[in-house]
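The values are calculated or read from the model by the stated rules, or taken from the named source; none is laboratory data. As the structure is a prediction and not an experimental result, all values here were calculated from the model. All Cβ positions, glycine included, derive from the backbone under ideal geometry; neighbour counts span all protein chains shown.
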Amino acid sequence: MYDFSKMTGAIHEWLSSLMPSILVTTIEWVLIGVVFLALFAILGLVLVILERKIAGFFQFRLGPNRVGPYGMFQTVADTVKLLLKELVSTNKVDKFLYNVAPFFVIIAPLMIMAVIPYGFGLTAYDINVGLLFVMAVSSIGVVGILLAGWSSNNKYSLIGAMRSGAVIISYELSMGLSALLAIVLLAGSLNLNDIVMSQQAGWWLFRGHIPAIIAFVIYIITGTAETNRVPFDLTEAESELGAGYHAEYSGIKFAFFFLSEFVNMFIISALAVTIFLGGWLPFHIPGWEGFNNSMNYIPGPVWFFLKTGVIIFLLMWFRWTFPRLRIDQILTLEWKYLLPISLLNLVLMAFVVMMGWVF
Amino acid sequence: MTTTDVNTNLKTQEYLINMGPQHPAAHGVLRLILTVDGEIIHKVDPDLGYIHRSIEKMCERDTYKQIVHLTDRLDYLSSHINNEAVCLAVENALGIEVPDRVKYIRTIMAELTRLASHQLWWGVMGMDIGALTAFMYAFRDREMINDIMEETVGARLTMNYNIPGGLMFDIHPGFQKKVKDFIKHFRKALPEYNTLLSDNIIFKKRLQGIGYISKEDAIAYGVSGPSARGSGISCDVRKIHPYSAYDKVEFNEILIEGGDSYDRYMVRMKEMEESMNIIDQLIDNIPEGDFQVKTPALIKLPKGEYYQKVETARGELGVFIISDGKKSPYRFKFRSPGFSNLSILDKISRGHKIADLVAIMSSLDFVIPDIDR
Amino acid sequence: MTRTELQSFLTSKVEGLEFGEETTQYLTVTVPREKLRDFMFLLKDTEELAFDYMFSLTAVDWFPKYLGVVYHLESTKYRHILVVHVNTGNREDDISVDTVSDIYPTAHFHEREAYDLMGIVFEGHSDLRRLFLTDDWVGHPLRKDYVDEANMIVK
Amino acid sequence: MNAIINYFSEVLNGGISLLKGMGITGKHFVRSPKEIITQQYPENKDTLVFGERFRAQLFMEHNDENQIRCDACQTCETVCPNGSIEVVWHREADPETGKKKKVLDKYVYHLSMCTFCNLCVLACPTEAIKMNQEFETAVYDRSELTKVLNKPGSKFSQDFVDKSLEK
């Protein structure tokens, strides 16, 4: 396994030899910022085209096929269009909140991206409360949605925003408290890198058997709800509210909401991979030494993005199959089904860990 | 402080929402003024007329042969059946008996139209509930019907295939084979529809118990078609007052007693099977003969009143003609199914949520030009 | 009930009914304006008649005499059909007819339509507003003497 | 106890129904390369097939000698519900018989008002007008939608009519 911290350490030493430490820190910050912004933009572009292509195939269509080979540059063209568009808003909006809301929704996923381990030693901000940090920061996004809905001065937007608030507040509960905590019990750490390293003997999804699988299913459901995607997309509910909370946004401000939805999807998938599917660790089958060795040659980041892609595909599959739930049904699902089951699952998991039944 | 005081203090403010005229769930330009408390609907006030073209007034100006093509634009999804209604009314008034061949072809065409309409409804219903893929599946199958129509009739949607006294042309030589191919394909596709949506737990939960219409209400409000049959009312004009070749075929009138949106949904799903059965019985037995009877170039109906009922995909369409013996009718009234079905919307959607209103509206299957005329 | 039975039954119950000619498609009866509501109650509530389904309500302009309303009634139990005509006094100022929207709720919408397009005033209707046209529209388009030079193409 | 069993069986059955739905979409996703129904419109223009009866817009048939079958009888004009046909004509003495006959000047067709009901084609006694398959009717200016169907200098020919009616 290649340790990426060697590479980053070398860069740090080289910079330190050239200039004072305060300048080094500044340059490193800027570098990391640029890298993450680039990653953010690329993810947005790739995921949007992926979604549209996959949607096309689910519906016997071709998807975008005009711009570039197989329509691969469609999202680039769309981005340029959105950047060039006039920013239209009604004059009844609450100007300050209206303008600040898109940044809230974009900041939350950016901050979470900092703590995710993309490879061995490839984490921007390796803190020991990583999981807690993720849970805390991901709640910021909903503030942006609420602000957008409120400040738009549009009843449809407001309804969408309020729905979003209700959903996210309740689903964070079973997501954080139970689904993720179940794995923390196994791994014994909140640090995402440690959680990954603890899965070297096998992914938690398999090693934790039944309780881990239940936790994984609950996590995927809550994750879909957190990202406001079908079947939980009632915040923008096309057929009911038009576009919900971002109905009054246009141009690049709308693009921010649009992008953040897709990057949120990436983050939910990335967390699922980190916690349940062994992060950047290669796929191993116990006993098959030759196979395992050859798997080791594929670098960690590739494994990470590959696994994330699988989960993202699963989320897209949901989106293009299921109808939408109603607001009270969503809350019923959370409070009457997911929360009791996941609490029960937590007890079960604690029991499993106590008895040492982990493989 | 008494409990009543607490309640009055907690009273929240009602507000108005304009749903439409441009709204994805309005299926056209229908404007609903909703009085809402939070998400709970207290009152629905439909505001119509955004695409009112005054077809009834135009009919008073046109000759009977010209009127037929206007009815394409009433309920554009059952345009063939609308044409048929006018033609039947005129033929009955003149005492013309059309050949059996015409009756058979008209019936097959009407059932194909009904299938196409129900397919579109199914796709749009899925889309209203949030399942976007259903729409494309429905359109794949509907496209085949449209192709059949294009080949025989010459138009895909506004067909204008009937003329008083028969049909505009004979069927295309490839018609029977194409229809059979379609039926074969659709018999396989319909179970897929059911697995994708009808059995889906989310879909069921969204529709069951929503928008309940009691038997009495349905009759009193004049609800007809699949929407009424979902409340267990036998109201199929094809059974009660048979026209064209409906007295020659065996088919079941689908009746479900429940009365909620899911029952209305299931009635339509099962009606598609019945439509296929009807086509199966007729398609191989189209008798030889003329495809039209000679009518005078300028039809003049004898003085009097004529009423003709037919069953469109949405319910009972009535054509009421008052003639004063001239070349144009004195008064031409369409009793459109959507108009009466809409009148019950306020009653059944009170107390439900906005999302439910969307579901109720698609379960009643509105086509706005049919309401606005 | 057959057509003749229906006719004799109704004549025995209500006075002042005018029946249409034998040749009409359905049994047609013209009711005096003031008896309309009683007549409708009779049709709906009498066990032997049970006209519970009003499938059409049409407003007609019998130019130049008076305006009229035509009700098409059907019994979902016996499947017999009756056409009821009622006429207003004239076309200018005496244009009101009693509402039947409380007897047949479907008439609620149909009467609003008739008021909108033909200008018949339904006495006792709970919410008689224009349905299709805007509130400030002048005139009633379905009347025979309605003139709109801008939008109507007369052949 | 029953309630608990019901609770879990509901969760299970619900989950299974969802998975079945995913099975349907998944099946089509795997098969999709064969099933794609998208038509690549401008590219497949040459291979587009229409029903022979497809009604796109009205046209008037001319033969090689610039002859037409329209004798300006105006049946189509009266039969059209929307007034989309205007026949402009004048009377002219026939050079052979000396009788005064109608001669077509301009056959004006307002595509913008046409509803493609086909009544004019059915009514035409000489089969002079027909519906063609040119469905691309978008134009930049509304005035382009008013078309003159007969070519300049075209003449009515009885032979042409007889020939086509024979078929």
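Assess whether A:ILE312 counts as being under 18 Å from A:GLY44 (Cβ atoms) and assigned to a helix (DSSP H, G or I).
Judged against the criteria, A:ILE312 is a match.
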Task: Which listed residue is surrounded by fewer than 16 Cβ atoms within 10 Å (Cβ to Cβ), farther than 27 Å from B:PHE169 by Cα and more than 14 Å from chain C (Cβ to nearest Cβ), from B:ASN252, B:ASN285 - done: B:ASN252
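Yes/no matrix, rows are residues, columns are (1) farther than 25 Å from A:PRO117 by Cβ; (2) assigned to a helix (DSSP H, G or I); (3) modelled with pLDDT under 85:
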| residue | (1), (2), (3) |
| --- | --- |
| A:PHE322 | yes, no, no |
| A:ASP328 | yes, yes, no |
| A:LEU339 | yes, yes, no |
| A:VAL347 | yes, yes, no |
| A:MET354 | yes, yes, yes |
- [ ] Collect the residues in region C:96-140 that are over 12 Å from the mean Cα position of the chain (by Cα) and assigned to a strand (DSSP E or B), keeping them in residue-number order.
- [x] C:GLU123
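Listed here are the residues, each with its yes/no results for (1) within 12 Å of chain B (Cβ to nearest Cβ); (2) surrounded by 10 or more Cβ atoms within 10 Å (Cβ to Cβ); (3) closer than 25 Å to B:GLU151 by Cβ; (4) over 36 Å from the mean Cα position of the chain (by Cα).
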{"residue": "D:TYR7", "(1), (2), (3), (4)": "no, yes, no, yes"}
{"residue": "D:LEU58", "(1), (2), (3), (4)": "no, yes, yes, no"}
{"residue": "D:GLU65", "(1), (2), (3), (4)": "no, yes, no, no"}
{"residue": "D:GLU77", "(1), (2), (3), (4)": "no, yes, no, no"}
{"residue": "D:LYS99", "(1), (2), (3), (4)": "no, no, no, yes"}
- [ ] Consider only pairs whose beta carbons are under 7 Å apart and that are at least six residues apart or on different chains; among these, list those whose first residue lies in region A:37-48 and is within 15 Å of A:PHE258 (Cβ to Cβ) and whose second residue is among the polar types (S, T, N, Q) and part of a helix (DSSP H, G or I).
- [x] A:LEU45/A:THR75; A:LEU45/A:THR79; A:VAL48/A:THR75
Open item on the list: Against the conditions (1) under 21 Å from A:ILE221 (Cβ atoms); (2) away from chain B (no Cβ under 13 Å); (3) among the β-branched types (Val, Ile, Thr), where does D:THR47 fall short? Just the number, please.
Closed with: (1)
Task: Spans of strands (runs of 3 or more DSSP E) in region D:78-164 with at least 1 residues of a type in the set (Ser, Thr, Tyr) and modelled with pLDDT of 85 or more - done: D:100-110, D:146-148
Open item on the list: For region A:63-79: of the residues being buried (at least 19 other Cβ atoms within 10 Å of the Cβ) and of a type outside the set (Val, Ile, Thr), which is farthest from the other protein chains (Cβ to nearest Cβ)?
Closed with: A:GLN74
TODO: Looking only at region C:26-42, count how many residues are within 14 Å of chain B (Cβ to nearest Cβ), in contact with a strand residue (DSSP E or B) (Cβ under 6 Å, 6 or more places away or on another chain) and not aromatic (Phe, Trp, Tyr).
DONE: 4
Open item on the list: Among the residues of region A:229-248, are any over 21 Å from A:LEU43 (Cβ atoms), more than 14 Å from chain B (Cβ to nearest Cβ) and under 22 Å from the mean Cα position of the chain (by Cα)?
Closed with: yes
- [ ] Give the residue, chosen from A:VAL134, A:VAL115, that is under 18 Å from A:ILE169 (Cβ atoms) and crowded, with 18+ Cβ neighbours inside 10 Å.
- [x] A:VAL134
TODO: Scan region B:142-154 and report the pairs whose first residue is free of Cβ contacts under 8 Å to residues at least 40 places away in the same chain and more than 21 Å from D:ASN132 (Cβ to Cβ) and whose second residue is surrounded by fewer than 21 Cβ atoms within 10 Å (Cβ to Cβ) and β-branched (Val, Ile, Thr), with Cβ atoms within less than 9 Å and a gap of 6+ or a chain change.
DONE: B:GLU143/D:ILE37
Task: D:LEU119 more than 10 Å from every other protein chain (Cβ to nearest Cβ), among the aliphatic types (A, V, I, L, M), touching a residue at least 12 places away in the same chain (Cβ under 8 Å) and in contact with a strand residue (DSSP E or B) (Cβ under 9 Å, 6 or more places away or on another chain) - done: no
Task: Subset of region B:210-230 [among the β-branched types (Val, Ile, Thr) and within 14 Å of the chain's Cα centre (by Cα)] - done: B:VAL223
Task: Some residue of region A:77-99 being touching a His at 6+ places or on another chain (Cβ under 9 Å) and free of Cβ contacts under 8 Å to residues at least 60 places away in the same chain - done: no
TODO: Among residues belonging to region C:43-63 that are closer than 22 Å to C:ARG112 by Cβ and of a type in the set (Gly, Ala, Ser), point out the one that is nearest to the other protein chains (Cβ to nearest Cβ).
DONE: C:SER56
- [ ] Could you grab me the full set of residues in region A:113-139 that are part of a helix (DSSP H, G or I), among the aliphatic types (A, V, I, L, M) and over 15 Å from A:ILE195 (Cβ atoms)?
- [x] A:MET113, A:ALA114, A:ALA136, A:VAL137
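Taking the criterion of being of a type outside the set (Phe, Trp, Tyr), without any contact (Cβ under 8 Å) to a residue 60 or more places away in the chain and either over 25 Å from C:LEU6 (Cβ atoms) or more than 12 Å from chain B (Cβ to nearest Cβ) (or both), would at least one residue in region C:70-79 satisfy it? So that I can check it myself, show each step before the final result.
Applying the first criterion (of a type outside the set (Phe, Trp, Tyr)) to region C:70-79 yields C:70, C:72-77, C:79.
Pick out the ones that are also without any contact (Cβ under 8 Å) to a residue 60 or more places away in the chain and you get C:70, C:72-77, C:79.
Still in the running and either over 25 Å from C:LEU6 (Cβ atoms) or more than 12 Å from chain B (Cβ to nearest Cβ) (or both): none.
Scanning region C:70-79, I find no residue that is of a type outside the set (Phe, Trp, Tyr), without any contact (Cβ under 8 Å) to a residue 60 or more places away in the chain and either over 25 Å from C:LEU6 (Cβ atoms) or more than 12 Å from chain B (Cβ to nearest Cβ) (or both), so the answer is no.
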- [ ] Out of the residues in region A:321-344 that are over 25 Å from B:VAL358 (Cβ atoms) and surrounded by fewer than 18 Cβ atoms within 10 Å (Cβ to Cβ), state the one that is farthest from the other protein chains (Cβ to nearest Cβ).
- [x] A:LEU343
Open item on the list: Quick check on region A:171-200: of everything there that is farther than 19 Å from A:GLY121 by Cβ, out of contact with any Leu (no Cβ under 7 Å at 6 or more places or on another chain) and touching a residue at least 60 places away in the same chain (Cβ under 8 Å), which residue is surrounded by the most Cβ atoms within 10 Å (Cβ to Cβ)?
Closed with: A:ALA179
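Is region A:17-38 home to any residue that is within 14 Å of chain B (Cβ to nearest Cβ) and within 30 Å of A:LEU281 (Cβ to Cβ)?
Taking region A:17-38 and keeping what is within 14 Å of chain B (Cβ to nearest Cβ), we get none.
No, because not a single residue in region A:17-38 is within 14 Å of chain B (Cβ to nearest Cβ) and within 30 Å of A:LEU281 (Cβ to Cβ).
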Task: Among (1) away from every other protein chain (no Cβ under 11 Å); (2) free of Cβ contacts under 8 Å to residues at least 60 places away in the same chain; (3) under 24 Å from B:ASP72 (Cβ atoms), the one test that D:VAL87 misses - done: (3)
- [ ] With the condition kept exactly as written, say whether any residue in region A:190-211 is of a type outside the set (Val, Ile, Thr), farther than 15 Å from A:ILE275 by Cα, outside any loop (DSSP other than H, G, I, E, B) and touching a Phe, Trp or Tyr at 6+ places or on another chain (Cβ under 9 Å).
- [x] no
- [ ] Could you tell me which residue of region D:16-44 is nearest to the chain's Cα centre (by Cα), considering only residues that are within 11 Å of chain B (Cβ to nearest Cβ) and assigned to a loop (DSSP other than H, G, I, E, B)?
- [x] D:GLN39
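Conditions (1) within 14 Å of chain C (Cβ to nearest Cβ); (2) closer than 30 Å to B:TYR161 by Cα; (3) of a type in the set (Gly, Ala, Ser); (4) out of contact with any Phe, Trp or Tyr (no Cβ under 7 Å at 6 or more places or on another chain), marked per residue:
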site	(1), (2), (3), (4)
B:ILE17	no, no, no, yes
B:VAL29	yes, yes, no, no
B:LEU32	yes, no, no, yes
B:HIS42	no, no, no, yes
B:ASP47	yes, no, no, yes
B:TYR50	yes, yes, no, yes
B:SER54	yes, yes, yes, yes
B:LYS57	yes, yes, no, yes
B:ARG61	yes, yes, no, yes
